[in-house]
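Written out below as structure tokens is the structure these notes cover.
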Amino acid sequence: MEFFLHDRKFILSQFLILCMIIVVSCRGPVYKPPEIEKLTDHFSRLSVNQSYNVFYGGSNIHITNNGSSAEIILDKSSGSGLISKEKYYYGFFNAALKLPAHFTSGVVVAFYMSNSDVFPHNHDEIDFELLGHEKRRDWVLQTNLYGNGSVHTGREEKFYLWFDPTLDFHDYTILWNNHHIVFLVDNVPVREVVHNTAISSVYPSKPMSTILTIWDGSEWATHGGKYPVNYNYAPFITTIKGIELEGCVKQQQNNTPTCSKRSSPSSLDPVDGEGFMKLSSQQMKGLDWARRKHMFYSYCQDTKRYKVLPPECTSE
């Protein structure tokens with residue numbers, strides 16, 4: 001009888017351990033992404049010194065490894081940010097980021113494009129925002145875009161990542177051309193915005209800077225502001241490298257962009273050609289995988305927020 005009870009206790013303990021493993025795994029990176037071609041291999045990587053200037057919070061920016069990488073820091077005194085030396089019209093834009101670890105609620109790390117400095121009332125914007133969490137592994141990826149000042153209609157989509165973004169560098173990429181905007185993480189498409197008639201009036205259409213920032217988003221970033229930044233865990237440091245900026249550069253003297261040699265003379269897209277006009281079948285599988293397994297919010301499904309959904313949500 002004693003042996004039987006001991007045996008039952010052993011089996012029960014093993015079962016509980018298995019359950020705990022399953023629960024923990026469900027909150028972590030348990031899915032492996034499909035094999036997808038690496039678009040980032042098509043372009044040259046630049047140093048931070050080559051491509052960016054200080055945007056704000058200069059004392060909280062540390063240039064490292066002879067300019068090839070940088071740290072942007074949030075502490076009680078300030079956040080910080082970098083802004084591209086050029087403005088671009090269409091192109092391929094990438095940054096490899098390693099995010100702060102530990103308790104990061106309220107912290108926002110953003111890699112985005114904007115022209116609000118030039119067009120304050122009708123600006124365009126394409127956003128990656130990484131939102132900190134009260135649990136280290138649960139950073140949230142948010143994507144968004146605005147065109148022609150359409151800031152009253154948020155087009156957010158949110159994803160859980162399939163890896164721990166604090167342990168190593170991961171690529172965050174914006175592909176923007178006349179055909180579509182694609183958000184990619186480690187070359188896996190997570191969102192595609194096709195340029196069609198339904199969205200044409202709010203499709204980003206003017207030259208933009210690329211910007212990297214870290215800042216205090218306590219009011220909204222983590223569970224709608226439930227968990228503000230806890231500066232007992234500061235400084236919050238994001239490390240940046242792997243810069244790729246392949247785009248049409250806007251000239252200071254006029255509004256005519258000058259494209260890279262990669263584009264044809266008749267094209268404004270420096271990344272034109274079939275490989276960049278539409279997603280391949282392999283990329284479509286990756287997009288479907290990311291959205292089925294990792295997306296947990298889309299504005300197109302938010303009927304409480306939008307009694308009438310934005311037109312692109314219901315177009316074919």
Among (1) of a type outside the set (Ser, Thr, Tyr); (2) surrounded by fewer than 16 Cβ atoms within 10 Å (Cβ to Cβ); (3) under 30 Å from Gly58 (Cα atoms); (4) touching a Phe, Trp or Tyr at 6+ places or on another chain (Cβ under 9 Å), Leu167 falls short only on (4)
Which of the residues spanning region 200-219 are among the β-branched types (Val, Ile, Thr) and surrounded by 22 or more Cβ atoms within 10 Å (Cβ to Cβ)?
Thr210, Ile214
Checking Thr104 against (1) in contact with a strand residue (DSSP E or B) (Cβ under 7 Å, 6 or more places away or on another chain); (2) at positive phi, which single condition isn't satisfied?
(2)
Are there any pairs with C-beta distances below 7 angstrom linking a residue in region 168-187 that is at pLDDT 95 or above to a residue that is of a type in the set (Phe, Trp, Tyr) and open to solvent by 20 Å² or more (accessible area, probe 1.4 Å), with the two at least 6 apart or on different chains, and if so which?
His170/Phe163; Leu175/Phe276
Tell me, yes or no, whether region 203-220 has at least one residue that is under 28 Å from Glu37 (Cβ atoms), among the acidic types (Asp, Glu) and at pLDDT 95 or above.
no
Only one of Thr166, Thr153, Thr173 is within 17 Å of Ile240 (Cβ to Cβ), of a type in the set (S, T, N, Q) and in contact with a helix residue (DSSP H, G or I) (Cβ under 8 Å, 6 or more places away or on another chain); which?
Thr173
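Name every residue in region 142-165 that is β-branched (Val, Ile, Thr) and modelled with pLDDT of 95 or more, in order of residue number.
Correct list: Thr143 only.
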Take the residues in region 229-240 that are among the hydrophobic types (A, V, I, L, M, F, W, C) and part of a loop (DSSP other than H, G, I, E, B), then tell me which one is nearest to Asp117 (Cα to Cα).
Val229
Just name the residue that is farthest from Asp171 (Cα to Cα) out of those in region 95-126 that are at pLDDT 95 or above and aromatic (Phe, Trp, Tyr).
Tyr112
For the subset of region 130-149 comprising residues that are open to solvent by less than 10 Å² (accessible area, probe 1.4 Å) and in a loop (DSSP other than H, G, I, E, B), which member is nearest to Ile83 (Cα to Cα)?
Gly147
For region 273-304, how many residues meet the condition of being touching a residue at least 24 places away in the same chain (Cβ under 8 Å) and charged (D, E, K, R)?
4
Which members of region 35-51 meet the condition of being within 23 Å of Ala101 (Cα to Cα) and open to solvent by 40 Å² or more (accessible area, probe 1.4 Å)?
none
Residue by residue through region 270-314, note down the ones that are open to solvent by less than 50 Å² (accessible area, probe 1.4 Å) and small (Gly, Ala, Ser).
Gly273, Gly275, Ser280, Gly286, Ala290, Ser298
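The values are calculated or read from the model by the stated rules, or taken from the named source; none is laboratory data. Fair warning: this is a prediction, and the values are worked out from it, not measured in the lab. Quick reminder, even Gly has a Cβ in these numbers, built from the backbone with ideal geometry, and neighbours come from all protein chains shown. Remember, those area values only see protein heavy atoms, side chains included, never the ligands or the DNA or RNA. Shrake-Rupley method; radii C 1.70, N 1.55, O 1.52, S 1.80 Å.
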